[in-house]
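First up is the structure itself, then whatever we jot down about it.
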Amino acid sequence: MIEDSRQVLGEVADSSAVYVYDLGFDGRRFVTACSQEHLAVLRERYRRRPFVVEELWWARSPGSWTRTPTGSEAVSQPYVIP
């Protein structure tokens, strides 16, 4: 766990990040690091990961949504950030 006074917030491009309540954030993953150096490492790792537009569109498509046992909507893949 990172102490509040030390955490560094940032964002990285990630085609698997899909937000249910604000599509404007789709394709952006918000990350928390313990220092500026750690954030730089995270950004470099995501920079090397390919941004696949089809992955983002797949996650947004109605066919990717499923129902949970309780009846609420959820996305099977990729991970959806509430």
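Every number in this text was worked out from the coordinates using simple rules, so none of it is lab data. This structure is a prediction, so every number in the text was calculated from the model and none was measured. With ideal geometry, Cβ positions are generated from the backbone for all residues, glycine too; neighbour counts draw on all protein chains shown.
Side notes on the structure shown:
- Restricting the stretch 1-47 to chymotrypsin sites (Phe, Trp or Tyr not before Pro) in coil, as DSSP defines it, with at most 16 other Cβ within 10 Å: Tyr21
- Going from the fewest other Cβ atoms within 10 Å to the most, the residues Ser61, Ser16 appear in the order Ser61, Ser16.
- Formal net charge of residues neighbouring Arg43 (Cβ-Cβ distance under 13 Å; K, R +1; D, E -1): +2
- Put a dot 7 Å past the Cα of Leu23, heading toward its Cβ, do the same for Val52, and the two dots end up 2.2 nm apart.
- Those trypsin sites (Lys or Arg not before Pro) in the stretch 6-63 that DSSP places in a loop and that have at most 16 other beta carbons within 10 Å: Arg6
- Label-to-label distance, Arg45 versus Arg6, with points set 7 angstrom from Cα along the beta-carbon direction: 1.7 nm.
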